[in-house]
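The values are calculated or read from the model by the stated rules, or taken from the named source; none is laboratory data. Given the structure is predicted, the values throughout are model-derived calculations rather than measurements. Neighbour counts run over all protein chains shown; Cβ positions are idealised from the backbone, glycine included.
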């Protein structure tokens, strides 16, 4: 049993504002009782939603006391009106919370290209602020879901110099997931005290091997936003490299768990698969191949069919644009060797491999035998439900 | 009504050799009564099937009199034995046809990683040679099908200096289709006389805007092979640029029609969609964006759902890695404008757009308003049947 997900000095809330057609919660709020240090990472897509454009400017101050986030509408491709609405969301919350508007960041997720019904957010604002509670993060996690089937919260406690601190992260998927960066929305609260530069650096480090190492469908979002707020309320200062050695692994762990939750709950996904490429000349080569395999529709439909079709894995390996020697490649499904020196190991191992494929989580290892570098990417299978979900998304 | 697909001096055949589990035709042969000039283009995948490795060497002579091709087994990732089998296929045919083995090229398509049952090819060889007929190309087209639902033949007649010549092309898809190059197998016969260099050049030109401009599922094959044989039996010589001006457009046309047939018959496809990007700074930029949209699972599932979800088109446009101004972009479905200057044109046009999406062939145009270059890529929708076909492919 995990501890109750709370983080000193933070409150959160989630309510239904009528943005989702089905009446589910769709408006969330994070509030810190004091202005927090903030760092963020945003989508690399050239088409960026209004809230992303807004936050990129605001975050330069390094200070944030509240984050308002809605689902059901991405406020993207909405023109000058969209930017007004992003600023409007911040102003509405600032007024209700009695803080300066430039201490409020905003995020949106949902359908692209429809005007944000800001009046609904305005109408729901009093209820939202009233609902703020230290243990309100599960309501928040629910309010930011789109095609996610489960809310995603990770909570960790650590100790630095005999004082405890916490990191609490929530995220949502579940489509348009691919590096970089691969999380639709992620909000992390921590009660340590830390400088903006250190915090940004720690976030970048954590994301590199977590949110930037997952793939659901190869598309990337216009709204990707990961924010971390540090309010110092634990009295723990992360002010030197020793303290950082305690903080960074915990943050990495929070992000990795959230990243895996995203893939596991990927649209239509039934399996979580780690694609591990080893024996590469460089980490970049290993990443490129792992990413190509992780993004291959043919590989992913074979996973769904529980078919140990390693030929497709070699096919994807070969088109990654990395120089390699096909006659050296080994492939494993967990510890079952399927391919040795570029050739199949026969029908007998296929039975064993099929047993691996029937499990909900497994690892595919591709050993290039060219060097000592390795990288992993987490992916899911590609199911009939992915197509069903995405053929009908707006209707 | 097209003329009967024949090409002077060529014969073809297709028979069932027992390589496919369902007993369908799976072994094909092209034979020219005289040695022909030959040119070819092969997969760019680093993992290459044995027949591709074999042909790359053989084709250097520029001469070919027969092509033997099997479906049901890709002879890929089969090690030294695979190369022996590719050479064996050529030797078996050469002996039966009474020609030199180095005048025979080979091609294979089907499951990767299983040993080629060469004894079945040997056993079927007499029947195959006996079946050779000038009008045997439809049998051949059927014998090379894997997940294709229809055989693909295009036949064209042209005139140079008052003499007629013909080009006859056949191809197969229907998965692992993406540049470069995007045809699994394509064989073209023509009765003109032409030098090896001119022929290779003409093939490269034709493929650039046809087979290299289509996408079905983003994967590329280990077995892609396009061969063109020119046997000179029409008496038409393509020996100068004027003659080439008659030959090239006809060859382009054959390849374009075959390419579109491949996409239209893509695994599970119900729609053929031209993605046209215009107003780009360079043709390369336009191609890159068109290719990204054409490969987006989210765009393709929306096509399947007949949902005019232009937000996903902008999302894919933005992640193509091309500098652009999102606030300038226009998007059209056929002639229905959906997006003007980066913003949606409202609910009214969506009804009209949905009407376009319900047709089996349409064009999506993205105008960047940054320059004068344009490019097209042909793609299909992404249906439930794609997943069904590929989850069960080997079983």
Query raised in the report: For residue B:390, which of the numbered conditions (1) modelled with pLDDT under 90; (2) facing another protein chain (nearest Cβ under 7 Å); (3) farther than 23 Å from residue B:270 by Cβ; (4) not in a loop (DSSP other than H, G, I, E, B) fails to hold?
Result: (3)
Report task. Restrict the check to the range A:45-66 and report whether at least one residue is free of Cβ contacts under 8 Å to residues at least 12 places away in the same chain, farther than 24 Å from residue A:189 by Cα and surrounded by fewer than 22 Cβ atoms within 10 Å (Cβ to Cβ). Result -> yes
Query raised in the report: If we only count strands (runs of 3 or more DSSP E) wholly inside the range A:88-175, which ones have 3 or more residues that are surrounded by fewer than 24 Cβ atoms within 10 Å (Cβ to Cβ)?
Result: A:152-160, A:163-172
Requested in this report: Could you run through the range B:109-137 and say how many residues are in contact with a strand residue (DSSP E or B) (Cβ under 7 Å, 6 or more places away or on another chain) and at pLDDT below 95?
Outcome: 5
**Report entry** Residues of the range A:217-246 satisfying the condition of being touching a strand residue (DSSP E or B) at 6+ places or on another chain (Cβ under 7 Å) and not in a loop (DSSP other than H, G, I, E, B)
**Finding:** A:225, A:226, A:227, A:228, A:229, A:230, A:237, A:243, A:246
Query raised in the report: Just wondering, is there one or more residues in the range A:329-343 that are more than 30 Å from residue B:392 (Cβ to Cβ) and more than 8 Å from chain B (Cβ to nearest Cβ)?
Result: no
Query raised in the report: Any chance the range B:345-353 includes a residue that's closer than 19 Å to residue A:79 by Cβ and at pLDDT 95 or above?
Result: no
Report task. Considering each of A:206, A:230, A:280, A:202 in turn, give the residue that is in contact with a helix residue (DSSP H, G or I) (Cβ under 7 Å, 6 or more places away or on another chain), within 14 Å of chain B (Cβ to nearest Cβ) and farther than 28 Å from residue A:111 by Cβ. Result -> A:280
Query raised in the report: Quick one: is residue B:208 modelled with pLDDT under 95 and within 11 Å of the chain's Cα centre (by Cα)?
Result: no
Query - residue B:382 under 30 Å from residue B:111 (Cβ atoms), more than 9 Å from every other protein chain (Cβ to nearest Cβ), within 28 Å of the chain's Cα centre (by Cα) and touching a residue at least 12 places away in the same chain (Cβ under 8 Å) - result: no
Requested in this report: Please go through the range A:272-294 and pick out each residue that is surrounded by fewer than 22 Cβ atoms within 10 Å (Cβ to Cβ) and under 20 Å from the mean Cα position of the chain (by Cα).
Outcome: A:274, A:276, A:288
Report summary line: Filter the range A:27-44 for residues that are under 25 Å from residue B:326 (Cβ atoms) and in contact with a strand residue (DSSP E or B) (Cβ under 9 Å, 6 or more places away or on another chain); the one that is surrounded by the fewest Cβ atoms within 10 Å (Cβ to Cβ) is A:42
Report task. Considering (1) outside any loop (DSSP other than H, G, I, E, B); (2) within 12 Å of chain A (Cβ to nearest Cβ); (3) more than 23 Å from residue A:295 (Cβ to Cβ), say which one residue B:363 fails and leave the rest. Result -> (2)
Query raised in the report: Before we move on, is residue B:377 at pLDDT 95 or above, within 21 Å of residue B:178 (Cβ to Cβ) and outside any helix (DSSP H, G or I)?
Result: no
Report task. Kindly provide the set of residues from the range A:25-44 that are in a loop (DSSP other than H, G, I, E, B) and modelled with pLDDT under 95, ordered by number. Result -> A:43, A:44
Query raised in the report: Can you tell me how many residues in the range B:1-17 are outside any strand (DSSP E or B) and either crowded, with 22+ Cβ neighbours inside 10 Å or touching a strand residue (DSSP E or B) at 6+ places or on another chain (Cβ under 9 Å) (or both)?
Result: 10
Report summary line: Checking B:314, B:357, B:324 in turn, the sole residue that is buried (at least 20 other Cβ atoms within 10 Å of the Cβ), touching a strand residue (DSSP E or B) at 6+ places or on another chain (Cβ under 8 Å) and at the interface with another protein chain (Cβ under 10 Å from one of its Cβ atoms) turns out to be B:314
Requested in this report: Of the numbered conditions (1) modelled with pLDDT under 90; (2) closer than 25 Å to residue B:387 by Cβ, residue A:180 fails exactly one; give the number of that condition.
Outcome: (2)
